[in-house]
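The values are calculated or read from the model by the stated rules, or taken from the named source; none is laboratory data. What you are looking at is a predicted structure, and each value in this text was computed from that prediction instead of being measured. Cβ: placed from backbone, ideal geometry, glycine included. Neighbour counts: every protein chain shown. Protein only, heavy atoms only, side chains kept; ligands, DNA and RNA dropped before computing areas. Shrake-Rupley method; radii C 1.70, N 1.55, O 1.52, S 1.80 Å.
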Amino acid sequence: MTPAEPPPAPVAGTTAVAPRLVGDEATAALMLGDDALILSHRLAEWTGHAPALEEDVALANISLDLLGQARTLFSLVGDEDELAYLRGERDFRNVQLVEQPNGDFAHTIARQLYFSLAQEIRYTAVVGTDGCPTPIRELAAKAVKETAYHRDHATEWTLRLGDGTDESHARMRRGLEVMWRHTGELFAAVPGLPLDDAALRENWLTALEAVLGEATLPLPQGPDADAWTAGGGREGIHTEPFGFLLAEMQHLHRSHPGATW
Amino acid sequence: MTTAPPADQRSPGLAELERAFDTAVAAEERIEPRDWMPDAYRATLVRQIAQHAHSEIIGMQPEANWITRAPSLRRKAILTAKVQDEAGHGLYLYSAAETLGVSRDELLDKLHAGRQRYSSIFNYPTLTWADVGAIGWLVDGAAITNQVPLCRCSYGPYARAMVRICKEESFHQRQGYELLLALSRGTEAQHAMAQDAVDRWWWPSLMMFGPPDDRSAHSAQSMEWKIKRHSNDELRQRFVDICVPQAESLGLSLPDPELRWNEERGRHDFGAIDWEEFSQVLKGNGPCNEQRITQRRRAHEEGAWVREAASAHAAKRRARATAAIGDTTATGDTAPPTATPNGATTP
C-alpha cells in the first residue's frame, strides 16, 4: 500500500479447515508435522548468516515450505499454535535428525540431503498408497513438489562441497558423518501410514549413494541408529539441543497465556 | 570501478555528450547502462544504490532476531517471508549497481571495511516482539515514502528495481501495522509492548529521511539529476502527516508533545529532532553498529570456504566439459575459470 491509503484490515488466518484425524492417523500427521516444523525452525536460524545472499533466500524458502507443510498437518489434528507452542519436549514426535544444530554449512547440507531425500520418497509413497489418510495424501501431493526442489538444492550443494576444494570435501564428509547417526529412524514405521518402510529405506540408500558417489564422498560407516541415544524421536526421546530449541521457540507464546497475536 | 567513458565514446566531444545527457534527463528519459553519463552521476548512483543494498541486508538482522521466537506459526511465516524479501531486495540492488561497473564483492568489501554506509536505523535494537511491528509500520513506512519517488529515478535499472521493491515493501508495512493492531487490541501487556516499541522507533524513523534540507550534502545535485525528486524535509513532513491518523486508528500515541495539526499549513507541526543522536549513530556510536557489522563480516568470512568450493566445483565442471570437447579440437587457450561473485554457480 502507499502510506496515504487507509489502514489495512487484519488478514484472516490461513489455517486450512479440514476434517480432523484421530488415533494413528492423527499421530502420523503429528509426526510428519513435527519433522517439518522443527527442520523449518533450524533452517530459519540461518537467515542473515548464510554464506551468500542466494542462500539466505534459498534456505528461508525451504524453511517456509516446511512451515507451510507443518501448519497444514497440524490443522488436521488440532490448533496449530497449541501444538507448536504448548507441548513439552517429550510430546514432540519428530525424528532426531531435524533437531540437530545447524553446525557449519556442510552439516546443514548433510542434514538437508538425508532428510529431503527421505521426505520426497515418503511423500511419493504416501500419494500412491490408498490406505494412507486422504488429507495426508493431499498434503503429500502438494508437498512432494516442494520437496523435489529441496532435494535438488541439497544435491547440488553436496556435489559442490564434496567435489569442490579439499577443505569443503573434508567438511562435507564430516557433516555427513555427524548427521549419519540420526538417519536410522527416518524410515521407522509411522502408525497410520501403511507403507513398506524397509523398501523405502532401500530406495533412499540407493539415491543417497548415487549423489555421494558423484560428489566423491563415501557413505558414512558406523551405526545409523542406536537404542541408547539415536533414534528415539518418534517416541518423544530427543537430543539435548532440542530443549533449547523449544525454549527459544515457545518462550514468548508461553509468556502471555491466552493472548492472541 | 572505472568511471571514465571509453575513449571512443568521447570522440563526439564531451560537451556534446553532456548536453545530450542533460536533455535526456530534462525530458524524463531513462538513462541506461550503455548511455554516456557524467562520472559524478555514476558515482552518486553507486553510492546511493550501494547504501540501499547494504541497508537491505543489514536490515535483515534486527528482524531475523525474532524469527525463532515468533509467537504464532502464522507470524513466523510472515516474518520469515519478509526477511527473505529483504535478501531478495539486496540481490536486485547489487545487480543494479553492477550495471554501473561495480561488483557485489567490491561493494560488500567496502561495507565490511566501514567505507560504505547502510541506513542508521538498523543500528537500533529489536528488544521485544512489538519492535517487529514498529519496524514494519514506521521504518518500512518511511522507506516507502522515500522510495516511491525512486521508481521515477532517471537511472533505468535502479528505477525498475525500485518498482518491484516498493510493491513488496507495501506488504511489509501492512504486516507491521496489522501486527501492532493485534497487540494494541490484545492484552494490557501486549498493548504496553506495542506502545513502548512505537515510543522507541518514532524518532529514529523520522531521522531516516536524512538531515534537514539546509544541511543535506548531496540533495541539490541529486534533484537536478532526477535521482531524487523531493527534499528530505518534504518527505519527512509527508510521513508525519500519514502516520498521525494511522496511530490514532492503532490506538497508540506518538511520543511527541509538540505534535499537532496546523490549520494554516494544512499539515502537522512536530517537535525538534535530536540531530546529535543521529550524528552519533552515524559515526558508529549507536547501540548496535558494532554488532551489525560484526555479524555481517562473520557470515561473509565463515561462508568464504563455501563460495570457494562453489567456484572450484564450477571450474572443475568446465574443465571436464572442455576436456571432453578438447579431445578432438585440442586448443591450449581456454580461458581461466572465473568465479561467480556469489558462489551460486550453475552447472
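Assorted remarks:
- Heavy atoms of chains A and B lose about 5200 Å² of accessible surface on contact, summed over both sides with a 1.4 Å probe.
- Mean partner shielding of peptide A:166-176, defined as the number of other chain Cβ atoms within 10 Å of each residue Cβ, is 2.
- At an R0 of 25 angstrom, the distance between the Cβ atoms of B:Arg260 and B:Asp213 translates into a FRET efficiency of 0.65.
- Distant-in-sequence amide H partners of B:Arg267 (H built 1.01 Å from N, under 5 Å): B:Asn262
- Net charge dipole size for region A:23-237 [Lys, Arg +1 and Asp, Glu -1 on Cβ; Debye, nearest 20]: 140 debye
- The long axis of helix B:14-26 is offset from the longest Cα principal axis of chain B by roughly 40 degrees.
- Relative to the compact-globule estimate of 2.2 N^0.38 Å, the Cα radius of gyration of the protein assembly as shown comes out at 1.06.
- 3J(HN,Hα) from dihedral phi, region B:167-179, Karplus parametrisation 6.51/-1.76/1.60, rounded to Hz, x for glycine, proline: 4, 6, 4, 5, 5, 5, 5, 4, 5, x, 4, 5, 5
- Counting only protein heavy atoms and a probe of 1.4 Å, the accessible surface of the protein assembly as shown is 54% carbon and sulfur.
- For region B:282-307, residues shielded by at least 40 square angstrom of accessible area compared with the chain on its own, probe 1.4 Å: B:Gln295, B:Ala299, B:Trp305, B:Val306
- Computed over region B:92-206, the P(r) curve from all C-alpha pair distances, binned at 10 Å from the origin, holds 14, 33, 32, 16, 5, 0 percent per bin.
- Values of log10 I(q)/I(0), in the order q = 0.16 Å⁻¹, for region A:23-237 under a Debye, Cα-only, solvent-free model: -1.07
- The alpha carbons of region B:242-291 give a radius of gyration and a Dmax of 15.1, 45 Å, in that order.
- Per-residue mean of C-beta atoms belonging to partner chains within 10 Å, peptide B:77-85: 5
- Amide H contacts for B:Ile31 (H built 1.01 Å from N in the peptide plane; partners 5 or more residues away or on another chain; cut-off under 5 Å): B:Tyr155, B:Gly156.
- Restraint check, B:Lys167/B:Lys228; A:Lys142/B:Lys167; A:Lys142/B:Lys76; B:Lys76/B:Lys167; B:Lys167/B:Lys283, Cα-Cα greater than 25 Å: A:Lys142/B:Lys167; B:Lys167/B:Lys283
- Spatial extent of region A:123-182: Rg and Dmax, with the Cα atoms as the point set, Å: 16.3, 48
- Per the Kirkwood formula applied to alpha carbons, region B:153-238 shows a radius of gyration over Rh ratio, Rg over Rh, of 1.10.
- Angstrom value of the Kirkwood radius, inverse mean 1/r, which spans all Cα pairs in region A:141-261: 17.2 Å
- Multiplying the residue separation of A:Ala259 and A:Ala189 by 0.36 nm and removing their Cα-Cα distance gives an extension gain of 21.5 nm.
- Working from the Cα coordinates of region B:76-128, the gyration tensor eigenvalues give, after taking √(5λ), semi-axes of 24, 17, 7 Å in decreasing order.
- Averaged over its residues, region A:23-237 has an accessible area of 34 Å² per residue, based on protein heavy atoms and a 1.4 Å probe.
- Accessible area of chain B divided out per residue, in Å², using a probe of 1.4 angstrom: 43 Å²
- Percentage, to the nearest whole number, of Cα pairs in chain B over 30 Å apart: 45 percent
- Table column - 3J(HN,Hα) (Hz), region B:138-149, Karplus curve with 6.51, -1.76, 1.60, x for Gly and Pro: 8, 5, 5, x, 5, 4, 5, 4, 5, 8, 4, x
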